[in-house]
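Asker: One structure follows; several queries about it will come next.
The values are calculated or read from the model by the stated rules, or taken from the named source; none is laboratory data. Here the structure is a predicted model, which is why all the values come from computation and not from measurement. Backbone-built Cβ (ideal geometry, glycine too); neighbour counts: all protein chains shown. With ligands, DNA and RNA removed, areas are computed over all heavy atoms of the protein, side chains included. Shrake-Rupley method; radii C 1.70, N 1.55, O 1.52, S 1.80 Å.
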Amino acid sequence: MAAGTDRVFTVRMLGELQVHRVSDGEPVPLGEGTGPRAVFLRLMLANGEFVHIERLQRTLQTTSASGDLRGLARKYVSQVRNALDAEPEVLETKGQGGTLGYRLAPEAFGVDARDFTEGVKRLPRPPAAPDPGEVDRLLRMWTGDPREQYRRLLDQGLWGELYRSRDRLAEAAARLAAGGGEVEAWPGFRSCFELDPGFLRSGAARRLDEGRAAPQRAAESRRILLVEDRFHDWYRERLAGYDCVVVRSLAEWHALKAGEPGLDFDLALVDRHLTEESDDSDGLGILEEMLDMGCTFPRVLMTVEIPEEYDSEEIKRRYGVSTIVQKDRNRQRPEGLNLLRQVVRRYTAR
């Protein structure tokens with residue numbers, strides 16, 4: 001692809017991986033499972049360099065793939081190429097046999113991780129104070145920790161430049177706070193790295209946590225409708241700071257509609273099953289009613305598993321769902337909690 005070509009796609013990597021077309025804003029489904037996403041991320045992190053197929057094979061070894069890894073790598077590359085479906089070609093091939101490699105044309109992609117590192121480079125060095133608005137903008141670019149999400153897929157060393165930029169931003173935020181400036185986005189940014197104790201113990205993070213950053217005010221006014229029959233208390237405890245309204249059954253849903261016709265919420269988290277036996281789809285019925293009522297706030301479907309006969313994109317369209325979150329079966333795993341918080345931050349951001 002020729003240099004200077006306009007961007008064709010936007011890529012969000014600072015949290016859940018998302019790829020959208022610039023022309024119409026439509027999401028690009030990269031394929032089922034972790035394999036195509038792992039291949040796409042590995043090529044994206046190469047920053048325009050060709051990646052030998054053996055490196056893609058080593059990446060796929062971390063996704064629990066087995067058998068003919070070379071064949072799988074070529075299959076997933078083909079799936080990604082078909083998903084991107086761009087003209088001219090943005091996923092390029094070079095060589096064959098032992099020299100086979102692939103690259104993503106960097107000029108075709110606007111990547112938040114790349115924009116973030118460039119933004120941090122532009123921040124003034126000490127003793128100059130950074131602009132509070134720019135610091136907040138950079139902090140808010142993060143909706144989760146990509147190393148935590150993709151650590152099983154990719155060598156963590158590939159993320160080095162990004163995390164060095166993260167640390168420099170934290171230092172800039174701490175300088176700003178020490179000078180009396182407000183860092184309103186710090187709490188949300190910090191929450192992305194709850195499973196990174198090294199970062200939370202850093203000097204910048206400690207100084208900000210000790211009260212020199214503005215307290216988080218954003219979550220306090222957010223109302224979340226939590227439709228969950230059994231584990232609502234567990235979820236509500238872990239969403240402390242949000243105003244959670246719990247609905248445990250269809251009867252409580254109908255009572256809520258009668259008492260609050262406008263349904264003024266910032267987000268709805270809706271479990272698919274609302275009976276002890278989990279043999280119903282009452283949550284889907286509630287989502288359908290919300291759609292019929294013209295509710296405009298984001299709705300998230302929560303489910304332990306999506307049946308094979310369900311197509312995720314069709315479920316989103318049919319029930320007006322913004323995203324589908326696969327629930328953690330034991331509800332205690334840090335990854336499950338981290339995912340829940342990322343989704344809430346993403347859809348309640350203003």
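Asker: Which whole-number percent is the relative contact order of segment 101-207 (Cα, under 8 Å, 6+ apart)?
Answerer: 32 percent
Asker: Among the lysines, select those whose C-alpha is under 27 Å from the C-alpha of Lys327, and discard any that sit fewer than 8 residues away in the same chain.
Answerer: Correct list for Lys327: Lys257, Lys316.
Asker: Expected output is a single nm value to one decimal: the length gained when fully extending between Gln326 and Asp264, i.e. 0.36 nm times separation in residues minus the C-alpha distance. What is it?
Answerer: Difference between extended and current length: 19.8 nm.
Asker: If you don't mind, there's one more thing I want to ask. Just to be sure I understand the curve: with the Debye formula and one point per C-alpha of segment 4-44, what is log10 I(q)/I(0) at q = 0.23 Å⁻¹?
Answerer: Log10 I(q)/I(0), no solvent term: -0.84.
Asker: Assuming 0.36 nm per residue, please report the length gained on full extension of the stretch Asp243 to Arg206 beyond their Cα-Cα distance.
Answerer: Residue separation times 0.36 nm, minus the Cα-Cα distance, leaves 10.5 nm.
Asker: Can you order the peptides 110-117, 127-134, 268-275, 178-185 by their average number of other Cβ atoms within 10 Å per residue, highest first?
Answerer: Those peptides, ordered most packed to least, come out 268-275, 110-117, 178-185, 127-134.
Asker: Using a Förster radius of 41 Å, what is the FRET efficiency between Arg164 and His254 based on their Cβ-Cβ separation? Nearest 0.05, please.
Answerer: According to the calculation, E is roughly 0.15.
Asker: Under a point spin-label approximation (7 Å from Cα along Cα-to-Cβ), what is the Asp292-Val304 distance to one decimal in nm?
Answerer: Once both label points are built, they end up 2.9 nm from each other.
Asker: Considering Cα pairs under 8 angstrom that are at least six residues apart, work out the relative contact order of the chain and quote it in whole percent. Spell out each step's value before the answer.
Answerer: Working: 504 pairs, mean separation 44.6, N = 350.
It comes to 13 percent, rounded to a whole number.
Asker: What does the accessible area per residue of the chain come to in Å², with a 1.4 Å probe and no ligands, DNA or RNA counted?
Answerer: It amounts to 49 Å² per residue over the chain.
Asker: As I understand it, the dipole of segment 220-279 uses +1 on the Cβ of Lys and Arg and -1 on the Cβ of Asp and Glu, about the Cα centre. Which of Val246, Ile224, Trp234 lies farthest toward its positive end?
Answerer: The residue sitting most towards the positive pole is Ile224.
Asker: In the set (1) 29, 23, 20; (2) 35, 21, 19; (3) 35, 30, 18, which value of semi-axes √(5λ) of the Cα gyration tensor in Å was calculated from the structure you see?
Answerer: (3)
Asker: Expressed as a whole number of Å, what is the distance separating the alpha-carbon centroids of segment 92-123 and segment 1-51?
Answerer: The distance from the Cα centre of segment 1-51 to that of segment 92-123 comes to 9 Å.
Asker: Continuing with this model, one more query. Expressed in nm to one decimal, what extension gain is obtained for the pair Glu92 and Asp155 from 0.36 nm per residue of sequence separation less their Cα-Cα distance?
Answerer: Numbers: separation 63, 0.36 × 63 = 22.68 nm, distance 2.26 nm.
Full extension of this stretch gives 20.4 nm more.
Asker: Shifting gears a bit: Distance in nm between label sites at Thr62 and Glu313, each 7 Å beyond Cα in the beta-carbon direction?
Answerer: Rounded to a tenth, the inter-label distance reads 2.8 nm.
Asker: Still on this model: Mind ranking Arg223, Arg299 by accessible surface for me, highest first, 1.4 Å probe?
Answerer: Order by accessible area, largest first: Arg223, Arg299.
Asker: Right, here's the next one. So for the pair Arg147, Asp279, with labels modelled 7 Å out along Cα→Cβ, what separation do we get in nm?
Answerer: Label-label distance for Arg147 and Asp279, simple model: 4.8 nm.
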